[in-house]
Amino acid sequence: MDYSYCRPEKARNLEESTTQFEKREKLSVLRIEQALILPVMHCPNLLFGNGGVVDAQNDYIQMSAIEGRIEGAYPVQNEPFEDKQVVYCGYLVNHWGHFLIEGIARLWYCLSDPKEVDWYVFTSDIGGETEAKANYLAFFQLLGIADKLKIINQPVRYRSVIIPERAYGYRHYYSEQYKEIFERVVANALTKKEQYTTSEKVFFSRSRFQKARKYEAGLDMLDDYFKRNGYEIIYPEQLSLEEMICKIRSAKWCASESGSTPHNMLFAADGQKLIVIERQSVINHVQSEIDKLKALDVIYIDGHFTVYPVPAGGGPFFLAYNDLFRQFTKDMNYCDPDSRFTSEAYIRKCVKQYMKAYRKDFGELLGLENWQISYIGAIYEAYVDSCKVLRPYLSGERPYRLGQCFNLHFIGHLLRRRK
């Protein structure tokens, strides 16, 4: 891992991020007779909600939970019974990053093709979707279990429920079985490799993802930068899973903005090269763990400005061609982005976009949450560094939107400069 293009506190956090993340050699399995599978019922103190498996005595099976995400039962009456032996696979969350981490972590059980299993049962939200679609369905097809897939949105009691231990435990452990799930999917995808064009260098762009276009300033700068340096610009949400896997496996270099997008390197070969453009001062533990379990050769770049602390997944974010990014370019003999992306006009445009998105979600509140306190040093470090460029806009000396020109604070600054 190369953290030399990160701010010092951020680099320290990245270095320490996987100290407790270890390989688990053996995974356990529970078999519960007459067990009830509960779809997810949302509650405010959990990321997803209550759900999991309850035994015949209505005792909750803790191995069906994911701490802080899905756990705990809720009252059920007159649930249907099905005379089937099924594997409880967990919550089929409609978020690709969480799907790769929590969603498929019990599927190692299918790798030996156990004949006694009638269905692999996932849950959705109460009353939610009961069909897998798009690349979610493609994943199950490539794994070879699509014909035995069942998604339930109401509680169902089964004759027998098999609960495999998760092969990946966020911030705790991973196992070889977890990697084997992806290797099965990759092996089947690569049989179609000749159908797709591939490149030695690929950049995963978010510039065509609708929410990202509003909440991530600077996306066009990243596209321009990597295109100028010989990378094929790909848009993961527009590719089939097969094509994305083939492009990843054929590349010598992959690059991505931080977040859940580089989680797709779970489909990479061990040891592949990856560049991550960090979009905020708080680290993404999941990506650090993927780097470790896949033994990736990774360069991290703090290619962003920080104004406010924001939630890790929601933003807004301000991607920027700053001094750290410039140093990486020099060391790699790469080309700078087009000069318009380093101009004052472009920075002002990004400030305006960032501030508009922030105020839409937070108003005048500080977007700081309890879990971010441990990163307060890195947040402040990034803020101070960002102020070297952004201070005139943040202090009101220089307007980033037209209405500010009529603000008394700005007029006062202007008069003082003319004295």
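The values are calculated or read from the model by the stated rules, or taken from the named source; none is laboratory data. Here the structure is a predicted model, which is why all the values come from computation and not from measurement. Neighbour counts are summed over all protein chains in view; Cβ atoms, including those assigned to glycine, are modelled from backbone coordinates with ideal geometry. Accessible surface is based on the protein model in full, side chains and every heavy atom, while ligands, DNA and RNA are left aside. Shrake-Rupley method; radii C 1.70, N 1.55, O 1.52, S 1.80 Å.
Some observations on this one:
- Test for residue 250: is it without any contact (Cβ under 8 Å) to a residue 60 or more places away in the chain, out of contact with any strand residue (DSSP E or B) (no Cβ under 8 Å at 6 or more places or on another chain) and of a type outside the set (D, E, K, R): yes
- Evaluation of residue 417 against (1) at pLDDT below 95; (2) under 25 Å from residue 282 (Cα atoms); (3) in a helix (DSSP H, G or I) (one fails), failing number: (2)
- Candidates are the residues of the range 173-213 that are surrounded by fewer than 16 Cβ atoms within 10 Å (Cβ to Cβ) and in contact with a strand residue (DSSP E or B) (Cβ under 8 Å, 6 or more places away or on another chain); the one that is farthest from residue 229 (Cα to Cα) is 176.
- Set side by side, the residues 57, 85 differ, and just one is assigned to a loop (DSSP other than H, G, I, E, B), farther than 26 Å from residue 289 by Cβ and over 23 Å from the mean Cα position of the chain (by Cα), which is 57.
- Scanning the range 221-251 for residues that are in contact with a Ser or Thr (Cβ under 6 Å, 6 or more places away or on another chain), part of a helix (DSSP H, G or I) and either open to solvent by 40 Å² or more (accessible area, probe 1.4 Å) or basic (Lys, Arg) (or both) yields one hit, 247.
- Residue in the range 144-151 that is open to solvent by less than 30 Å² (accessible area, probe 1.4 Å), under 30 Å from residue 22 (Cα atoms) and either outside any helix (DSSP H, G or I) or free of Cβ contacts under 8 Å to residues at least 60 places away in the same chain (or both) present: yes
- Filtered by the rule that a residue be within 21 Å of the chain's Cα centre (by Cα) and outside any strand (DSSP E or B), the range 13-41 gives 13, 14, 15, 16, 17, 18, 19, 20, 21.
- Scanning the range 43-91 for residues that are in contact (Cβ under 8 Å) with a residue 40 or more places away in the chain, open to solvent by 60 Å² or more (accessible area, probe 1.4 Å) and hydrophobic (A, V, I, L, M, F, W, C) returns a single hit, 81.
- Of the residues examined, residue 329 is one that is open to solvent by less than 10 Å² (accessible area, probe 1.4 Å) and either among the hydroxyl-bearing types (Ser, Thr, Tyr) or out of contact with any helix residue (DSSP H, G or I) (no Cβ under 8 Å at 6 or more places or on another chain) (or both).
- Pair list, Cβ < 9 Å and 6+ apart or interchain, from the range 357-374 residues that are open to solvent by 100 Å² or more (accessible area, probe 1.4 Å) to residues that are charged (D, E, K, R): 360/214
- When residue 111 is tested against (1) part of a strand (DSSP E or B); (2) surrounded by fewer than 17 Cβ atoms within 10 Å (Cβ to Cβ), just one condition goes unmet, and that condition is (1).
- Criterion violated by residue 295 - all others in (1) surrounded by 15 or more Cβ atoms within 10 Å (Cβ to Cβ); (2) assigned to a loop (DSSP other than H, G, I, E, B) satisfied: (1)
- Test: residue in the range 335-343 that is out of contact with any Pro (no Cβ under 6 Å at 6 or more places or on another chain) and either within 19 Å of residue 17 (Cα to Cα) or of a type in the set (A, V, I, L, M) (or both): no
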